[in-house]
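Written below as structure tokens is the structure these notes are about.
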Ligand SMILES: [Mg+2]
């Protein structure tokens, strides 16, 4: 699971800036985790929630896991809306019906790695992989890709050699793994299908000599770099030790970018560590709690400053505060935003309303209005203010996560 996350972070800056070479900066300050990591976390949390049900095969456990996968994917999708989701998947996240849409994209394979660690038999691994893929990627190829990566992790971590693993994948899924990276690289371009990226990720793994070497192989192919490196990294983690300096850099980036908390790594700490070879001596991946992050202000200070600024604005904009906080005004404003069209000369008014909703602690509405202003390409000053408000909300959300949450 950490291997997948590291691969995603390394590949993130090369996805739209392909580098057809193994010499590149492994991790920079701009390297960040993307949809691949968040969806991996989603599946890991769904598995943890259904832990006993799956192990004891309790009635309805398959449906429960299916539902939990959706719940957590939507949760992470909302928590990290700008993580680089494919357009159809982004639509699926927003569409309340959440019907599977027959995807054969590599999204099913990029998120499946926790299954390879969770299950205690190959048969279970294959079966559970299908459930984690099905909510969106119910196409035969989408399912196959997920099964191949999950089964691969299971086999490798339980002692299969690379040759045995290669034979199994070839015989079971029909991927051509006899190709060489040097032959694939020159003509390889951006493919998001499982069929055209899962076998390539596997070959990157097969040719690698260490964890880092596998990741470099994967990125050197070009194409959908973060996802290929995510899948290859997930396989590499099963048999290679992850160097401490890489883990430390990844952690440092995560802390600076304020993306994730300890809970997001529960699965790794509770399940993966216990099943990894003792020889690796790997430590748990502990992120600080939100309130331990190195912020230059405390929650109270930040909140007070944020809240006071909003109050001042609201007093100016809403009749000196006479109707502020009343249900009537709130209802009126909800009606008003329905008819205001962002980008059509009403962005200033929308911003006033966003500030109001921020002030009365309707944070999700406030965030949504800010987004609509920013997306409309409002005038520079209004856009800047909407951006600032959104930034403040994100900071507030981050430092207080666990205390309040507007997305669940
Ligand atoms: Mg990505």
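What the table shows:
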item: Computed over the chain: relative contact order in percent, which uses C-alpha pairs under 8 Å that are six or more apart; result: 18
item: Ellipsoid semi-axes in whole angstrom, largest first, where each is sqrt(5λ) of the Cα gyration tensor of region 212-284; result: 21, 17, 12
item: Fully extended contour minus Cα-Cα distance, from residue 280 to residue 168, at 0.36 nm per residue; result: 37.8 nm
item: Ranked by how many other beta carbons lie within 10 Å on average, peptides 152-161, 112-121 from highest; result: 112-121, 152-161
item: Centroid-to-centroid separation of region 59-108 and region 179-239 [C-alpha atoms, Å]; result: 24
item: For region 144-267, convex hull volume per residue from C-alpha positions, Å³; result: 119
item: Hypothetical label at residue 335: residues of region 305-326 whose amide nitrogen lies under 17 Å (7 Å Cα-Cβ projection); result: 323-326
item: Residue order, fewest to most beta carbons within 10 Å, for 23, 247; result: 23, 247
item: Burial order of peptide ranges 357-367, 304-314 (average beta-carbon count within 10 Å, highest first); result: 357-367, 304-314
item: Calculated P(r) of region 1-99 - Cα pairs past 24 Å, %; result: 35
item: Pair residue 176, residue 263: separation of 7 Å Cα→Cβ label points (nm); result: 4.7
item: Compactness index (Cα Rg / 2.2 N^0.38 Å), the chain; result: 1.07
item: Linear extension gain, residue 99 paired with residue 388, 0.36 nm per residue minus alpha-carbon span; result: 100.5 nm
item: Angle between the chain longest axis and helix 363-375 axis [Cα atoms, degrees, rounded to 10]; result: 80
item: Protection-proxy order for peptides 1-12, 100-111, each taking the mean of Cβ atoms within 10 Å per residue, highest first; result: 1-12, 100-111
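Read the figures in this text as sums done on the coordinates, not as results from a lab. The structure presented is a predicted model; accordingly, all values stated were derived computationally and were not measured. Note that we place each Cβ from the backbone using ideal geometry, even for glycine, and neighbour counts take in every protein chain shown.
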